[in-house]
1. Starting from 0.36 nm per residue, how many nanometres of slack lie between ALA395 and GLU253 once their C-alpha separation is accounted for?
2. How far is the Cα center of segment 92-138 from the Cα center of segment 214-270, in Å?
3. Lys and Arg at +1, Asp and Glu at -1: add these up for the other residues within a Cβ distance under 13 Å of TRP367 and post the number.
4. Quick one: net charge around ALA190, please, counting Lys, Arg +1 and Asp, Glu -1 for every other residue with C-beta under 13 Å from its C-beta.
5. How would segment 166-289 be classified by its alpha-carbon gyration tensor: rounded, prolate or oblate, with rounded meaning a/c under 1.5 and the a/b versus b/c comparison settling the rest?
6. Between LEU117 and residues 5 or more places away or on another chain, which pairs have amide H atoms under 5 Å apart, with H built 1.01 Å from N, and which residues are they?
7. Relative contact order for segment 279-392 using alpha-carbon pairs under 8 Å, separation at least 6, rounded to a whole percent?
8. Mind giving me the nanometre distance, one decimal, between the label points for LYS269 and ASP429, set 7 Å out from Cα along Cα→Cβ?
Amino acid sequence: MQRPMAVLSIATAVVLLAGCSGNDDKSNSKSESDGSSTATAPSAPTVASFDPPKAFVAMSAFGVERTAKDNEYTLQAGMVGQTSLIAGLTGVTGRNIAAHGQPWTVPSAAASTTETLDVTAPMGVQVDGKDVVAIAYVQNDKGNGTQKAKGQVVFQWLNATDGKKVAEVTADLTPTLGAGRGGDTVVSQAYDAATGQIVVGVGADGQEAAKKGGEAFTVYADPKTQKSTVIPFVTPAGVLNGVVAGAKGRNQEGAADGTIVIADGTTGKITKQTPTKQDYLNPAGSGSKRAYLASNSYEGNDKYNNALYSVDIASGSVVQTKSQVVDEQVSSFTCWGDQAKAVVCTSGAYGGKEIFGFDDTTGKKTWGYTDKSASRVVPTVTAAFHGIVYAQTDAQPVLMDAATGSDVPTSTPTPPSHDNDPGSANGSDMSLYSGTLKSPTAVTKYGGAYLQAPSGSNYDLQSVLIALAPTA
């Protein structure tokens, strides 16, 4: 649950998206040479890997030009298998970590009458044993011919190597929200890595849509059946084998109606409800087996009941863990699953208030501390992968053991050897790299990626995608 290597510049990617906008070809992938041929899949041998990576070196940098549609708030970095990713409202571009083969770009929409309003972060799943990029777009289809305008959520599953579409599902929001109504934001997202199933929490666009579907509602999609379901008044926190865990409630002071919900993704039927009696209840993230929801309510005497609920998605059983922060209302929790057996969560608008570690099998807290700790700071967590938590302090990137919370020593990175030079291939420009390594927001055993703010006089850029290669 719960954001690198060499390739084509984003200026070229924008051209590719424009060239693809009216194309129904299944791959929607274009080469730089003529804007019409399908990208060739990399044939080079597998790049170096470490499971999990414990040291990185910056290998490439791609400037992202300013456009009318995307900005620093809509762009997100990703990593699936050997492919680094950058996603935005216009679509997603993938690049091999070691500059093997051509980059690929898949647009968010084929029709010019479709407006993309928000996008999920890219998610790594398996479909038929292959690494697949899963992504979803909240859109407004303005209509064509005699067709009425409608809100929709488009789900895409793309082969991580060449960008070819494995599956695509369009969820029409009209039956739930009414004609011409839809959503405008992604408020939560989760995926089942083994099945490729996705759930997206969508914020309603306007009061009329909210009356029909709730301030936020769930949209579920399955790449195998290529079916989708809308679950009104529920915000999703996790999905596993077609079962969705989420939250519902008014999220108002004194409401005390925060309820944990288990639903069948295929039918949308709610199968179990567990009241928390909390005023606010919202998704925080998910692990491999459990979903995590954050809650709070005012207890009086300047004290707050801040808590996390860990929900076994298969059974609906719940474990509550109370926050040690009681002297103020914790505005949010965010949780990262390590795609194995651990989950780490932090609280506060930007983290920094409290950090928890959970055993994802039992849902029980295994370690944690707050910003009041005399010996440790609460870092800003950016990712988790196979037992390691990747985080950032004011001074440097840090690694933590996801099971114990202890610091993990890192070695001095040394650049790996590649047949290709990712630092200058396919439009990479290492002069854009700030020279200061940051903690990655997406990690696989083949590397990582993050977005860096442009520096100096690069006024035509809104962001820079930094691709990392693992060295230990």
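The values are calculated or read from the model by the stated rules, or taken from the named source; none is laboratory data. These figures come from a predicted structure and were not determined experimentally. For neighbour counting, all protein chains shown are included, and Cβ atoms are generated from backbone atoms with ideal geometry for every residue, glycine included. These area figures cover heavy atoms from the full protein model, side chains too; ligands, DNA and RNA do not enter into them. Shrake-Rupley method; radii C 1.70, N 1.55, O 1.52, S 1.80 Å.
1. 47.3 nm
2. 24
3. That sum, taken over residues with Cβ under 13 Å, equals -1.
4. Values: positive: LYS289, ARG290; negative: ASP192.
Taking every Cβ under 13 Å from that of ALA190, the sum is +1.
5. Oblate.
6. Those qualifying (amide H under 5 Å, at least 5 residues apart or on another chain) are VAL138, GLN139, ASN140.
7. Relative contact order, segment 279-392: 20 percent.
8. 5.8
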